[in-house]
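Inspection log for the structure reproduced underneath, given as structure tokens.
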Amino acid sequence: MEKLLSVTNLRVGFEKDGKVLEALREVNFSVKKGEKLAIVGESGSGKTLLALSILRLIEPPGKIIDGEIIYNGKDILKMKEEDLRQIRGKEISMIFQEPLSSLNPVLTIGYQVAEPFLIHTKATKKEAIEKAKELLKIVSISDVERVANAYPHEISGGMRQRAMIAMALALNPSILLADEPTTALDVTLQAQFLNLLNDLVEKFSLTLILITHDFGVVSETSDRVIVLYGGRICEDSPKADIFKKPLHPYTKGLLESIPKRGADKELKPIKGQVPPVGKFPSGCPFRDRCQSAFEKCAEKLPEIKEIENGRKVACFLYGE
């Protein structure tokens, strides 16, 4: 499969007191057409920042310091704003984490789903609204007329999330970025939502980049996993391998801290918390929380290397 998106040496930071504190450091990965990639990590690991960087939606005091984000042969970071507007929503769409705060409270759901057609095509308002209603049907909303004429606060969280998907799919994008799309949903709705998302990815031939902290969501929706910590990729593996044999101590810790069906073992939480930006230790960012850390981990930053077919890890426990 051809590479659709490549991120190379991406560095993103925040300006504070005349200094730039790096929140993403030397992030490198690529996504193939039709791939379903999950980016996993605790809050504060840099997952959402990475997704926003792909669409160049970082706002001050945040800034993209360096790197390349190549989509279809063009560097998004070097595009003019008018060219970038043709990418956002049309070729790369995003489902944001909290639909209630992402939707406009004074516009109806139908109008907001219709907006991409009004901005990017020559459709009239009436035609755009009709297309919006068709999309609402596709995302399994049965009472289309009521939902289309409702305001965001008048419908449930599950309905709002479906409306966000409809907006993202409006112009049949190549890449769908989904940032913690199940956070606001209960367990039953989460299962329905993930089934719907998988169906739509197949139906629309989408490339999916899913941002999540939940390995249960990962198991349902992805075929490859990137684990992020301290703004760096610490592991990049096919999904089946990462569940069978996690490599990085952080990945192992994440998997050991979630309950497993039928298991009688006591859960093992990872000690400590993710430090704030600018407060990570020297060397490996995970070393203060790692039970396998040794002297070398404090001396320098481990590079991410391929150690098996398709499996990469940034850890001194592997290699020489």
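The values are calculated or read from the model by the stated rules, or taken from the named source; none is laboratory data. What you are looking at is a predicted structure, and each value in this text was computed from that prediction instead of being measured. As a convention, Cβ positions derive from the backbone with ideal geometry for all residues, glycine included, and neighbour counts pool all protein chains shown.
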Scanning the range 136-147 for residues that are touching a residue at least 40 places away in the same chain (Cβ under 8 Å) and in a loop (DSSP other than H, G, I, E, B) gives V139, S140
Residues (part of a loop (DSSP other than H, G, I, E, B), out of contact with any Phe, Trp or Tyr (no Cβ under 7 Å at 6 or more places or on another chain) and either of a type in the set (G, A, S) or without any contact (Cβ under 8 Å) to a residue 40 or more places away in the chain (or both)) located in the range 302-318
E303, N309, G310, A314, F316
Looking at the range 191-200, is at least one residue of a type in the set (G, A, S) and surrounded by 21 or more Cβ atoms within 10 Å (Cβ to Cβ)?
no
Picking from E295, E306, the residue that is over 20 Å from L254 (Cβ atoms) and in contact with a strand residue (DSSP E or B) (Cβ under 9 Å, 6 or more places away or on another chain) would be E306
Return yes or no: is E81 of a type outside the set (S, T, N, Q) and without any contact (Cβ under 8 Å) to a residue 12 or more places away in the chain?
yes
Looking at the range 153-166, which of its residues are among the polar types (S, T, N, Q) and in a loop (DSSP other than H, G, I, E, B)?
S156
Those helices (runs of 4 or more DSSP H) lying entirely in the range 38-135 with at least 3 residues modelled with pLDDT of 95 or more and surrounded by fewer than 18 Cβ atoms within 10 Å (Cβ to Cβ)
none
As an exercise: evaluate M167 against (1) buried (at least 21 other Cβ atoms within 10 Å of the Cβ); (2) over 22 Å from Y111 (Cβ atoms); (3) of a type outside the set (V, I, T) and give the number of the one condition it does not meet.
(2)
Can you tell me which residues in the range 258-294 are at pLDDT below 90 and in contact with a Leu (Cβ under 6 Å, 6 or more places away or on another chain)?
G278
Tally of residues being within 9 Å of G34 (Cα to Cα) and loosely packed, with under 15 Cβ neighbours inside 10 Å across the range 203-219:
1
Find all pairs meeting these conditions: Cβ atoms under 7 angstrom apart; at least six residues apart or on different chains; first residue within the range 236-250 and without any contact (Cβ under 8 Å) to a residue 40 or more places away in the chain and buried (at least 20 other Cβ atoms within 10 Å of the Cβ); second residue of a type in the set (V, I, T) and assigned to a strand (DSSP E or B).
I242/V225
Give me the strands (runs of 3 or more DSSP E) completely within the range 199-245, filtered to those with at least 3 residues that are in contact with a Phe, Trp or Tyr (Cβ under 7 Å, 6 or more places away or on another chain), within 30 Å of L21 (Cα to Cα) and not basic (K, R), ordered by residue number.
224-229, 232-238
Taking the residues in the range 264-320 that are surrounded by 11 or more Cβ atoms within 10 Å (Cβ to Cβ) and among the basic types (K, R) as candidates, determine which candidate is farthest from the chain's Cα centre (by Cα).
K296
Scan Q97, Q86 and give me the residue that is in contact with a strand residue (DSSP E or B) (Cβ under 8 Å, 6 or more places away or on another chain) and of a type outside the set (G, A, S).
Q97
Residue ID - nearest to E220 (Cα to Cα), chosen from residues in the range 167-193 that are of a type in the set (S, T, N, Q) and assigned to a loop (DSSP other than H, G, I, E, B)
T182
For the range 173-184, state whether one or more residues are free of Cβ contacts under 8 Å to residues at least 24 places away in the same chain and surrounded by 14 or more Cβ atoms within 10 Å (Cβ to Cβ).
no
Please work out if A150 is crowded, with 23+ Cβ neighbours inside 10 Å and either hydroxyl-bearing (S, T, Y) or not in a strand (DSSP E or B) (or both).
no
